[in-house]
Amino acid sequence: MANNPYDEMFKNIARLMEKILGEMPLQDPKIIGFTIISGSPEGAPYFDPSEEIEESDVEVVEGDDCIYITAVADTRADGAPYVTFQEDSVTLCVGGDEETVIDLECEIDVLHSFYNVQHGVIDAVCRKKGIPDEVARS
């Protein structure tokens with residue numbers, strides 16, 4: 001198995017996170033846990049991130065004050081990905097000409113809703129209407 005030049009860096013990050021988690025107070029932890037694995041185990045298939053990824057569904061999660069929408073952007077498409085907000089729906093374009101309309105179960109505040117496209121992922125935050133500013137956690 002070939003050595004990954006970043007193996008040592010991942011090992012250092014894992015040690016640092018173990019130290020941070022060990023020093024956190026038990027009454028209100030912010031991190032539940034995670035694992036960093038440096039290198040692949042023997043015989044494990046190699047994942048090439050440049051391989052074609054199958055188109056996945058859009059994930060919609062509703063919180064107390066916001067609705068969160070996440071989708072994979074098509075970085076090979078001609079057009080840029082974007083999101084258009086309406087009061088009771090969101091139009092999502094992951095790239096190219098195809099658009100997906102997502103109907104929402106409540107009205108949203110269009111002016112305070114926003115989206116971000118980063119590293120091939122679209123994250124949209126739809127702020128629900130009627131949520132006071134001091135209560136919102138977005």
Query raised in the report: Would you pick out the residues in segment 72-102 that are without any contact (Cβ under 8 Å) to a residue 24 or more places away in the chain, open to solvent by 30 Å² or more (accessible area, probe 1.4 Å) and within 20 Å of the chain's Cα centre (by Cα)?
Result: D74, R76, T84, E99, V101
Query raised in the report: Does Y68 meet the test of being open to solvent by 70 Å² or more (accessible area, probe 1.4 Å) and modelled with pLDDT of 85 or more?
Result: yes
Query raised in the report: Restricting attention to segment 56-77, which residues are out of contact with any strand residue (DSSP E or B) (no Cβ under 6 Å at 6 or more places or on another chain), within 17 Å of D88 (Cα to Cα) and part of a loop (DSSP other than H, G, I, E, B)?
Result: G63, D64
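The values are calculated or read from the model by the stated rules, or taken from the named source; none is laboratory data. Values in this document were obtained by computation on a predicted structure and should not be read as measured data. Neighbour counts are summed over all protein chains in view; Cβ atoms, including those assigned to glycine, are modelled from backbone coordinates with ideal geometry. Note: areas computed on protein heavy atoms with side chains; ligands, DNA, RNA excluded. Shrake-Rupley method; radii C 1.70, N 1.55, O 1.52, S 1.80 Å.
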